[in-house]
Amino acid sequence: MIVKITRYLMILITVLVASIYIPQIYWKIFDVNIRIPMVLYSPVINRFLILKPMESSKYTDQLGTKYTRDKFEKLEPIFYYRQLVATDKMPDSLRGIKMDLNLIRINNFRIKISPQGLTLPQIALYPMLESKSGRVSLEMPEDVFRITNKRMEFIDCYSNSIDEEKSELFTAALIKEEFSFPAKFIYGNPTTRKAFDEGYFVVDKNDQIFHVKMVKGKPFCKNIRISESIKVKSMSISESPLKEFYGVIITENSDIYMITYNNYKLKKLPIIGYDCTNTTLVFRGDIFFRMVTLTNDDSLKVIMLDKNYKVFDNYMEPIENVQKMSVSTIEKYLFPFTVVLADDNTYMISLDFSFGGFVFIILNILLSILSIILYNRRGINFKKGIIDYIIVLVTGIYGFIAINIFIPFDKTK
């Protein structure tokens with residue numbers, strides 16, 4: 001009895017492992033990834049430009065007009081300004097604005113928010129940089145902070161001791177601004193590789209957002225007092241020399257807000273069709289426009305906004321991978337179910353069960369009949385193997401592999 005129980009336990013483990021890795025091998029062999037085109041907007045001809053690396057005619061526009069690489073780059077001088085400057089092809093002015101390289105650099109920004117980034121865990125220790133040290137470059141501090149259930153604590157990295165004086169100073173500043181401990185989220189850019197430091201934006205227990213930074217050794221804390229209807233799912237802080245906004249808020253409803261430098265007012269982007277759980281958002285800006293690109297498995301959508309964030313144009317292209325669709329259809333006939341450790345929208349490990357319908361039953365019946373034939377040739381009585389045949393009928397190719405690895409010990413000639 002113990003031998004039988006052990007055997008069936010090993011079969012169960014084999015089925016589970018096979019349902020994870022055999023579909024993965026199948027997709028690695030047959031799947032073909034589609035290169036998503038890059039879409040830009042030309043301030044020269046007021047038209048979308050499309051770069052498709054995998055096609056013979058790489059450089060086109062939304063009307064299908066074909067261009068050479070040089071002509072394509074000239075139509076988007078802001079995006080390709082380094083190349084145009086290097087080859088002395090940069091225009092002196094465009095749309096009534098002189099093409100000053102420093103002005104181009106200051107106005108260029110890019111923020112990317114992906115579904116994978118929204119699921120990353122936070123390390124609950126953060127360096128608080130000095131925002132106004134008087135030095136040319138930012139410097140990394142010798143301590144880190146955390147926010148507990150009761151206060152904000154600074155920990156010396158060398159002695160591993162708590163700096164009580166500094167902790168009390170920042171805790172008092174938070175309490176003065178009506179901060180409710182503990183912190184739900186803490187967002188910032190803990191690096192010295194940036195033009196300046198704006199500290200952190202902290203979401204408290206009551207979903208209020210607080211701006212916290214250190215200015216000449218003293219705490220700066222501001223409750224920006226957002227609406228109770230806004231529930232933060234994620235934030236991306238942008239310490240850009242343009243100083244148009246502190247960062248971008250993604251809400252649980254997939255709404256997008258910017259925290260502006262105008263007294264922390266929130267500006268909602270007029271974007272429809274964004275789902276933060278499966279769509280990658282790229283927010284880009286330059287001297288003339290603001291561009292939002294939304295990409296998922298099904299489509300590419302680009303929304304153009306003016307500098308007042310009013311939509312004036314948009315572009316949409318479906319993403320169809322014919323071979324992937326065929327491979328997915330065949331998969332349903334081969335595998336009764338699959339177990340996924342992690343999908344494309346997260347870096348986290350999970351254990352998700354996926355059932356594709358009942359079309360697999362055809363293969364399962366054939367494998368069950370094949371199992372009966374093989375067992376008969378091995379001299380295994382039909383009644384002795386009936387549980388195995390049921391396993392194959394239910395689990396298909398996974399069970400077929402498992403019962404042939406762990407063959408029954410008791411045989412009846």
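The values are calculated or read from the model by the stated rules, or taken from the named source; none is laboratory data. Treat the numbers as computed from the prediction; the structure is a model and nothing was measured. So basically every Cβ, Gly included, is an ideal-geometry build from the backbone, and we count neighbours across all protein chains shown. The accessibility values were calculated without ligands, DNA or RNA, using every heavy atom of the protein model including side chains. Shrake-Rupley method; radii C 1.70, N 1.55, O 1.52, S 1.80 Å.
Among the candidates Phe181, Phe170, the residue that is open to solvent by less than 40 Å² (accessible area, probe 1.4 Å) and either free of Cβ contacts under 8 Å to residues at least 12 places away in the same chain or in a loop (DSSP other than H, G, I, E, B) (or both) is uniquely Phe181.
When Asp88 is tested against (1) without any contact (Cβ under 8 Å) to a residue 24 or more places away in the chain; (2) open to solvent by 60 Å² or more (accessible area, probe 1.4 Å); (3) outside any loop (DSSP other than H, G, I, E, B); (4) not β-branched (Val, Ile, Thr), only condition (3) is not met.
Can you find even one residue in segment 174-183 that is under 25 Å from the mean Cα position of the chain (by Cα) and either more than 19 Å from Tyr246 (Cα to Cα) or modelled with pLDDT under 95 (or both)? Checked against the condition, which is being under 25 Å from the mean Cα position of the chain (by Cα) and either more than 19 Å from Tyr246 (Cα to Cα) or modelled with pLDDT under 95 (or both), segment 174-183 yields at least one hit.
Select from segment 307-331 the residues that are of a type in the set (Asp, Glu), open to solvent by less than 60 Å² (accessible area, probe 1.4 Å) and modelled with pLDDT under 95 and write down the one among them that is nearest to Ile250 (Cα to Cα). Out of the qualifying residues, it is Glu317.
If you go through segment 60-84 and keep only what is under 28 Å from Ala195 (Cα atoms) and either in a loop (DSSP other than H, G, I, E, B) or open to solvent by 60 Å² or more (accessible area, probe 1.4 Å) (or both), you end up with Glu76, Pro77, Ile78, Phe79, Tyr80, Arg82, Gln83. Condition first: outside any helix (DSSP H, G or I) and within 45 Å of the chain's Cα centre (by Cα). Can you find one or more residues in segment 382-403 that meet it? Yes, segment 382-403 contains at least one residue that is outside any helix (DSSP H, G or I) and within 45 Å of the chain's Cα centre (by Cα). From the list Ile361, Ile397, the lone residue that is among the aliphatic types (A, V, I, L, M), touching a residue at least 60 places away in the same chain (Cβ under 8 Å) and open to solvent by 40 Å² or more (accessible area, probe 1.4 Å) is Ile397.
Hey, Asn149 hits all of (1) farther than 30 Å from Ile256 by Cα; (2) open to solvent by 40 Å² or more (accessible area, probe 1.4 Å); (3) outside any helix (DSSP H, G or I) but one; which does it fall short on? Going through the list (1) farther than 30 Å from Ile256 by Cα; (2) open to solvent by 40 Å² or more (accessible area, probe 1.4 Å); (3) outside any helix (DSSP H, G or I), Asn149 breaks only (1). Between Val15, Val39, the distinction of being open to solvent by less than 30 Å² (accessible area, probe 1.4 Å), of a type in the set (Val, Ile, Thr) and closer than 30 Å to Ile397 by Cα belongs to Val15 only. Could you list, in sequence order, all residues of segment 18-36 that are touching a residue at least 60 places away in the same chain (Cβ under 8 Å), open to solvent by 70 Å² or more (accessible area, probe 1.4 Å) and closer than 30 Å to Val392 by Cβ? If the condition is that a residue be touching a residue at least 60 places away in the same chain (Cβ under 8 Å), open to solvent by 70 Å² or more (accessible area, probe 1.4 Å) and closer than 30 Å to Val392 by Cβ, then Phe30 is the only one that fits.
Looking across segment 256-292, the residues that are in a strand (DSSP E or B), open to solvent by 40 Å² or more (accessible area, probe 1.4 Å) and either acidic (Asp, Glu) or farther than 22 Å from Arg105 by Cα (or both) come down to Leu266, Lys267, Lys268. The combined condition, being in contact with a Leu (Cβ under 6 Å, 6 or more places away or on another chain), touching a residue at least 24 places away in the same chain (Cβ under 8 Å) and open to solvent by 30 Å² or more (accessible area, probe 1.4 Å), is fulfilled by Lys301. When the test is whether a residue is hydroxyl-bearing (Ser, Thr, Tyr), open to solvent by less than 20 Å² (accessible area, probe 1.4 Å) and closer than 25 Å to Phe79 by Cα, Thr295 does not pass it. Within segment 195-210, can one find any residue that is more than 29 Å from Ile230 (Cβ to Cβ) and charged (D, E, K, R)? Scanning segment 195-210 turns up no residue that is more than 29 Å from Ile230 (Cβ to Cβ) and charged (D, E, K, R). If only residues of segment 42-59 that are out of contact with any Phe, Trp or Tyr (no Cβ under 7 Å at 6 or more places or on another chain) and not in a loop (DSSP other than H, G, I, E, B) are counted, the one that is most open to solvent (accessible area, probe 1.4 Å) is Arg47. Quick check on Phe337: is it modelled with pLDDT of 75 or more, touching a helix residue (DSSP H, G or I) at 6+ places or on another chain (Cβ under 9 Å) and loosely packed, with under 12 Cβ neighbours inside 10 Å? No; evaluated as a whole, the condition is false for this residue. Screening Ala195 against (1) at pLDDT 95 or above; (2) over 15 Å from Met128 (Cα atoms) leaves a single unmet condition, (1). The residues of segment 184-207 that are in contact with a strand residue (DSSP E or B) (Cβ under 7 Å, 6 or more places away or on another chain), open to solvent by 40 Å² or more (accessible area, probe 1.4 Å) and in a loop (DSSP other than H, G, I, E, B), listed by number, are Asn189, Pro190, Lys205.
A residue that is open to solvent by 80 Å² or more (accessible area, probe 1.4 Å), at pLDDT 90 or above, under 30 Å from Phe245 (Cα atoms) and among the polar types (S, T, N, Q) can be found somewhere in segment 96-106.
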